[in-house]
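The structure appears below as structure tokens.
Taken together, the values in this text are just the output of simple stated rules run on the coordinates, not laboratory data. Because the structure is predicted, anything quoted here is derived from the model rather than measured. For neighbour counting, all protein chains shown are included, and Cβ atoms are generated from backbone atoms with ideal geometry for every residue, glycine included.
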Amino acid sequence: MLKAIGQRLKKYRVQAGMTQKQLSEILEIDEQYYGQVERGVKKLSLEKLMLFCTYFQIPLDDVIKIDVRDEGNPIKLAYISEISQLLINCSKEQLIRIKSLVKNIDLL
């Protein structure tokens, strides 16, 4: 999954004619780290993914493309899409809180 996300990030960067260095400066991360993200070795935080999406004016689900593989449950896919759209308008502080909430949800 990380490799697929990295390939999508690279696609948008290359389409914009940007170098990894230029984009890493916008995201305020190390250039080598960003290179590892594009190769699928490292991952971006939700905050950095949202910054990326805001910069390129694309929805988050264009980058992460969640493959639910549960075609018998279209409601689940609709919820995921709706949540992705709602996240776009969140502030940094809100995203931090949301990330914490999601990490702490009992998924049993």
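Worth a mention:
- Partners for Lys43 among lysines (Cα-Cα distance below 20 Å; same-chain residues under 8 apart left out): Lys3, Lys10, Lys11, Lys21, Lys65, Lys92, Lys99, Lys103
- Inter-probe distance in nm under a simple model that places probes 7 Å from Cα toward Cβ, at Lys92 and Tyr33: 1.3 nm
- Each peptide in 46-58, 86-98 receives the mean, over its residues, of other Cβ atoms within 10 Å, and ordering these scores from highest gives 46-58, 86-98.
- Rounded to 10°, Cα long-axis angle of helix 92-103 versus longest principal axis of the chain: 50 degrees
- Ranking Ile98, Ile88, Phe52 by how far each Cα lies toward the positive end of the dipole of the chain (charges on Cβ) leaves Phe52 at the top.
- Between 0 and 90 degrees, the angle of helix 46-56 with respect to the longest Cα principal axis of the chain falls at about 60 degrees.
- Modelled spin labels at Asp61 and Leu77, positioned 7 Å past Cα toward Cβ, are 0.9 nm from each other.
- The chain - Rg (one decimal) and Dmax (whole number), Cα, Å: 14.6, 45
- Relative to the longest principal axis of the Cα atoms of the chain, helix 74-88 runs at roughly 50 degrees.
- Dipole size of the chain about its Cα centre, with +1 on Lys/Arg Cβ and -1 on Asp/Glu Cβ: approximately 280 debye, rounded to the nearest 20.
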